[in-house]
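Student: Quick one: the structure is below, questions incoming.
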(Lines give C-alpha, C1' and ligand atoms only; values in the text may rest on other atoms or scores of the structure.)
Protein backbone atom coordinates (compact mmCIF):
# COMPACT_ATOMS: atom_id res chain seq x y z
CA UNK A 1 0.00 0.00 0.00
CA UNK A 2 1.58 3.29 -1.11
CA UNK A 3 2.28 5.97 1.49
CA UNK A 4 0.16 9.07 1.13
CA UNK A 5 1.44 12.49 2.28
CA UNK A 6 -1.00 15.01 3.71
CA UNK A 7 -0.74 18.08 1.50
CA UNK A 8 -2.98 20.32 3.52
CA UNK A 9 -1.63 22.68 6.17
CA UNK A 10 -3.90 23.73 8.95
CA UNK A 11 -4.33 27.42 9.70
CA UNK A 12 -3.34 26.75 13.29
CA UNK A 13 0.01 25.35 12.19
CA UNK A 14 0.72 28.49 10.19
CA UNK A 15 -0.13 30.71 13.13
CA UNK A 16 2.09 28.62 15.40
CA UNK A 17 5.01 28.90 12.99
CA UNK A 18 4.56 32.65 12.65
CA UNK A 19 4.35 33.04 16.41
CA UNK A 20 7.56 31.10 16.88
CA UNK A 21 9.29 33.14 14.15
CA UNK A 22 8.15 36.42 15.69
CA UNK A 23 9.33 35.26 19.13
CA UNK A 24 12.75 34.32 17.77
CA UNK A 25 13.11 37.67 16.00
CA UNK A 26 12.02 39.51 19.14
CA UNK A 27 14.52 37.54 21.21
CA UNK A 28 17.32 38.32 18.77
CA UNK A 29 16.43 42.01 18.78
CA UNK A 30 16.23 42.02 22.57
CA UNK A 31 19.61 40.35 22.90
CA UNK A 32 21.13 42.78 20.40
CA UNK A 33 19.67 45.69 22.33
CA UNK A 34 20.94 44.31 25.63
CA UNK A 35 24.40 43.80 24.13
CA UNK A 36 24.41 47.34 22.75
CA UNK A 37 23.42 48.69 26.17
CA UNK A 38 26.13 46.60 27.86
CA UNK A 39 28.79 47.76 25.40
CA UNK A 40 27.70 51.37 25.84
CA UNK A 41 27.82 51.02 29.63
CA UNK A 42 31.30 49.47 29.56
CA UNK A 43 32.58 52.15 27.19
CA UNK A 44 31.13 54.94 29.33
CA UNK A 45 32.80 53.47 32.41
CA UNK A 46 36.16 53.59 30.65
CA UNK A 47 35.52 57.16 29.48
CA UNK A 48 34.56 58.26 32.99
CA UNK A 49 37.68 56.65 34.45
CA UNK A 50 39.88 58.23 31.76
CA UNK A 51 38.34 61.65 32.42
CA UNK A 52 38.88 61.23 36.17
CA UNK A 53 42.51 60.27 35.60
CA UNK A 54 43.02 63.27 33.35
CA UNK A 55 41.49 65.62 35.91
CA UNK A 56 43.64 64.22 38.71
CA UNK A 57 46.83 64.58 36.69
CA UNK A 58 46.00 68.22 35.99
CA UNK A 59 45.15 68.67 39.65
CA UNK A 60 48.50 67.13 40.65
CA UNK A 61 50.32 69.68 38.51
CA UNK A 62 48.26 72.56 39.92
CA UNK A 63 48.88 71.50 43.52
CA UNK A 64 52.63 71.29 42.92
CA UNK A 65 52.65 74.74 41.32
CA UNK A 66 50.75 76.18 44.30
CA UNK A 67 53.96 75.84 46.31
CA UNK A 68 55.47 78.91 44.66
CA UNK A 69 52.37 81.04 45.08
CA UNK A 70 51.77 80.03 48.70
CA UNK A 71 55.28 81.16 49.63
CA UNK A 72 54.78 84.75 48.44
CA UNK A 73 53.76 86.10 51.88
CA UNK A 74 56.85 84.44 53.38
CA UNK A 75 59.09 86.37 50.99
CA UNK A 76 57.63 89.65 52.21
CA UNK A 77 58.02 88.66 55.86
CA UNK A 78 61.61 87.50 55.40
CA UNK A 79 62.62 90.68 53.60
CA UNK A 80 61.06 92.82 56.33
CA UNK A 81 62.62 90.77 59.14
CA UNK A 82 66.04 91.08 57.53
CA UNK A 83 65.69 94.86 57.65
CA UNK A 84 64.86 94.69 61.37
CA UNK A 85 67.72 92.36 62.27
CA UNK A 86 70.34 91.97 59.59
CA UNK A 87 71.27 88.30 59.98
CA UNK A 88 71.39 86.66 56.56
CA UNK A 89 72.25 83.21 57.94
CA UNK A 90 69.18 83.23 60.19
CA UNK A 91 67.02 84.39 57.29
CA UNK A 92 68.49 81.67 55.09
CA UNK A 93 67.63 79.03 57.70
CA UNK A 94 64.08 80.33 58.02
CA UNK A 95 63.71 80.34 54.25
CA UNK A 96 64.75 76.70 54.04
CA UNK A 97 62.43 75.78 56.89
CA UNK A 98 59.44 77.56 55.37
CA UNK A 99 60.00 76.03 51.95
CA UNK A 100 60.36 72.61 53.54
CA UNK A 101 57.10 73.06 55.46
CA UNK A 102 55.33 74.23 52.30
CA UNK A 103 56.56 71.19 50.37
CA UNK A 104 55.33 68.95 53.18
CA UNK A 105 51.89 70.56 52.96
CA UNK A 106 51.82 70.01 49.20
CA UNK A 107 52.86 66.37 49.63
CA UNK A 108 50.10 65.86 52.20
CA UNK A 109 47.55 67.42 49.88
CA UNK A 110 48.64 65.14 47.04
CA UNK A 111 48.29 62.17 49.37
CA UNK A 112 44.93 63.25 50.79
CA UNK A 113 43.47 63.78 47.32
CA UNK A 114 45.02 60.49 46.10
CA UNK A 115 46.57 62.27 43.13
CA UNK A 116 49.56 59.93 42.91
CA UNK A 117 47.22 56.99 42.27
CA UNK A 118 45.14 58.80 39.68
CA UNK A 119 45.10 55.75 37.44
CA UNK A 120 43.38 53.48 40.02
CA UNK A 121 39.87 53.85 38.59
CA UNK A 122 41.10 53.46 35.03
CA UNK A 123 43.12 50.37 35.96
CA UNK A 124 39.92 48.44 36.67
CA UNK A 125 38.64 49.07 33.17
CA UNK A 126 41.83 49.54 31.15
CA UNK A 127 44.80 47.72 32.75
CA UNK A 128 47.53 48.89 30.35
CA UNK A 129 46.89 52.49 31.38
CA UNK A 130 48.55 51.79 34.72
CA UNK A 131 52.03 51.52 33.25
CA UNK A 132 51.59 54.61 31.11
CA UNK A 133 50.38 56.81 33.96
CA UNK A 134 52.63 55.32 36.66
CA UNK A 135 55.76 55.88 34.57
CA UNK A 136 54.83 59.50 33.92
CA UNK A 137 54.05 60.12 37.60
CA UNK A 138 57.50 58.81 38.48
CA UNK A 139 59.08 61.16 35.96
CA UNK A 140 56.99 64.04 37.22
CA UNK A 141 58.17 63.44 40.78
CA UNK A 142 61.77 63.71 39.61
CA UNK A 143 60.99 66.97 37.79
CA UNK A 144 59.21 68.38 40.85
CA UNK A 145 62.12 67.54 43.16
CA UNK A 146 64.63 69.04 40.74
CA UNK A 147 62.64 72.26 40.34
CA UNK A 148 62.13 72.63 44.09
CA UNK A 149 65.80 71.96 44.87
CA UNK A 150 66.95 74.50 42.28
CA UNK A 151 64.50 77.06 43.65
CA UNK A 152 65.78 76.55 47.18
CA UNK A 153 69.38 76.83 45.98
CA UNK A 154 68.68 80.07 44.12
CA UNK A 155 66.76 81.44 47.08
CA UNK A 156 69.66 80.65 49.41
CA UNK A 157 72.09 82.26 47.00
CA UNK A 158 69.96 85.40 46.83
CA UNK A 159 69.87 85.66 50.61
CA UNK A 160 73.58 85.02 51.19
CA UNK A 161 74.51 87.47 48.43
CA UNK A 162 73.22 90.24 50.72
CA UNK A 163 75.84 89.52 53.36
CA UNK A 164 77.76 92.69 54.20
CA UNK A 165 75.27 94.93 52.37
CA UNK A 166 73.27 96.14 55.34
CA UNK A 167 73.98 99.80 54.65
CA UNK A 168 72.33 99.75 51.25
CA UNK A 169 69.72 97.08 51.89
CA UNK A 170 66.05 97.75 51.18
CA UNK A 171 63.23 95.24 51.67
CA UNK A 172 62.47 94.90 47.93
CA UNK A 173 66.03 93.63 47.40
CA UNK A 174 65.33 90.28 49.01
CA UNK A 175 61.63 90.10 48.25
CA UNK A 176 62.15 90.62 44.52
CA UNK A 177 65.05 88.15 44.39
CA UNK A 178 62.98 85.42 46.06
CA UNK A 179 59.99 86.11 43.83
CA UNK A 180 62.22 85.89 40.78
CA UNK A 181 63.62 82.56 41.97
CA UNK A 182 60.08 81.28 42.58
CA UNK A 183 58.91 82.44 39.16
CA UNK A 184 61.83 80.68 37.50
CA UNK A 185 61.18 77.48 39.44
CA UNK A 186 57.46 77.53 38.67
CA UNK A 187 58.09 78.25 34.99
CA UNK A 188 60.60 75.44 34.62
CA UNK A 189 58.37 72.97 36.43
CA UNK A 190 55.31 73.95 34.37
CA UNK A 191 57.19 73.54 31.10
CA UNK A 192 58.76 70.19 32.04
CA UNK A 193 55.58 68.76 33.54
CA UNK A 194 53.54 69.83 30.50
CA UNK A 195 56.06 68.08 28.26
CA UNK A 196 55.75 64.85 30.25
CA UNK A 197 51.98 65.06 30.62
CA UNK A 198 51.18 65.82 26.98
CA UNK A 199 51.47 62.20 25.66
CA UNK A 200 49.33 60.89 28.52
CA UNK A 201 46.77 63.63 28.03
CA UNK A 202 46.54 62.77 24.34
CA UNK A 203 46.26 59.06 25.21
CA UNK A 204 43.40 59.68 27.64
CA UNK A 205 41.62 62.07 25.26
CA UNK A 206 41.98 59.34 22.63
CA UNK A 207 40.28 56.80 24.89
CA UNK A 208 37.41 59.17 25.58
CA UNK A 209 36.91 59.84 21.86
CA UNK A 210 36.82 56.18 20.76
CA UNK A 211 33.59 54.56 19.58
CA UNK A 212 31.85 52.18 21.99
CA UNK A 213 32.72 48.93 20.19
CA UNK A 214 36.29 50.02 19.49
CA UNK A 215 36.82 51.04 23.10
CA UNK A 216 35.36 47.85 24.56
CA UNK A 217 37.32 45.62 22.16
CA UNK A 218 40.52 47.47 23.03
CA UNK A 219 39.65 47.12 26.72
CA UNK A 220 39.46 43.35 26.35
CA UNK A 221 42.67 43.15 24.34
CA UNK A 222 46.01 42.42 25.99
CA UNK A 223 47.44 45.30 24.01
CA UNK A 224 45.01 48.13 24.63
CA UNK A 225 47.29 50.93 23.52
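Student: What are the pairs with Cβ atoms under 8 angstrom where one residue, in the range 183-195, is at negative phi and in contact (Cβ under 8 Å) with a residue 60 or more places away in the chain and the other, located anywhere, is assigned to a helix (DSSP H, G or I) and loosely packed, with under 13 Cβ neighbours inside 10 Å? Sequence gap at least six, or different chains.
Tutor: Listed by first residue and then by second, the contacts come to 186/69.
Student: So residue 63 clears everything in (1) in contact (Cβ under 8 Å) with a residue 40 or more places away in the chain; (2) closer than 19 Å to residue 208 by Cβ except one condition, right? Which one?
Tutor: Evaluating residue 63 over (1) in contact (Cβ under 8 Å) with a residue 40 or more places away in the chain; (2) closer than 19 Å to residue 208 by Cβ leaves (2) as the failure.
Student: A further question on this structure: Taking the stated definitions as given, is residue 164 exposed (fewer than 14 other Cβ atoms within 10 Å of the Cβ), modelled with pLDDT of 80 or more and within 23 Å of the chain's Cα centre (by Cα)?
Tutor: Details: exposed (fewer than 14 other Cβ atoms within 10 Å of the Cβ): yes; modelled with pLDDT of 80 or more: yes; within 23 Å of the chain's Cα centre (by Cα): no.
Here the answer is no, as residue 164 does not meet what is asked.
Student: Additional query: Residues to consider are 169, 203; find the one that is touching a helix residue (DSSP H, G or I) at 6+ places or on another chain (Cβ under 7 Å), over 17 Å from residue 52 (Cα atoms) and surrounded by fewer than 20 Cβ atoms within 10 Å (Cβ to Cβ).
Tutor: Numbers: 203 fails: over 17 Å from residue 52 (Cα atoms).
Every option except 169 fails the conditions.
The values are calculated or read from the model by the stated rules, or taken from the named source; none is laboratory data. Predicted model, so just to flag it, every value in this text is computed and none were measured. Don't worry about glycine lacking a Cβ; one is built from the backbone with ideal geometry, like all the others, and counts go over all protein chains shown.
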